[in-house]
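Q: Once you've had a glance at the structure underneath, I'll fire off some questions.
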């Protein structure tokens, strides 16, 4: 009886651990912003976003004022205010003060296309 119990316990443990083996990283959102990630990288550099944020792939982007933007494609919320969707990210990038009055994120004056491009780059951060 004890052997049966241990065999069942071992089987249960093996099945439980099976989900932990291999690639257990979260899947990034598969989104389309209508933008170009390569151009978005240029927009992010040109507007100096790295002076406030740490942003992977952006030269000298080691700012500590805003949150680090690692794994942006996996996040469920933007600024704790909006679900992480392409339209919401573009809206946030264009006019953060209209979403969260008093936020440290300034309104940068991005065009629609610049915001879409920047969002496309941010969604590459997996």
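Just so you know, all these numbers are worked out from the coordinates, no wet-lab data involved. Since the model is a prediction, treat every value here as computed from it, not as a measurement. Please note: Cβ atoms are built from the backbone with ideal geometry, for glycine as well, and neighbour counts cover all protein chains shown.
Q: Taking the alpha-carbon set of region 34-106, what are its Rg and Dmax in Å?
A: When restricted to the Cα atoms of region 34-106, Rg and Dmax are 11.9, 31 Å.
Q: Could you give the nm distance between label points at residue 47 and residue 124, where each point is 7 Å from its Cα heading toward the beta carbon?
A: Once both label points are built, they end up 1.7 nm from each other.
Q: Can you sort 54, 107 from fewest to most other Cβ atoms within 10 Å of each residue's own Cβ?
A: 107, 54
Q: Provide 100, 81, 114 in ascending order of the number of other Cβ atoms located within 10 Å of each residue's Cβ, fewest first.
A: 81, 100, 114
Q: Oh, and also: For Cα pairs less than 8 Å apart in space and 6+ apart in sequence, what is the mean separation divided by the residue count of region 30-122, i.e. the relative contact order in percent?
A: This gives 41 percent for region 30-122.
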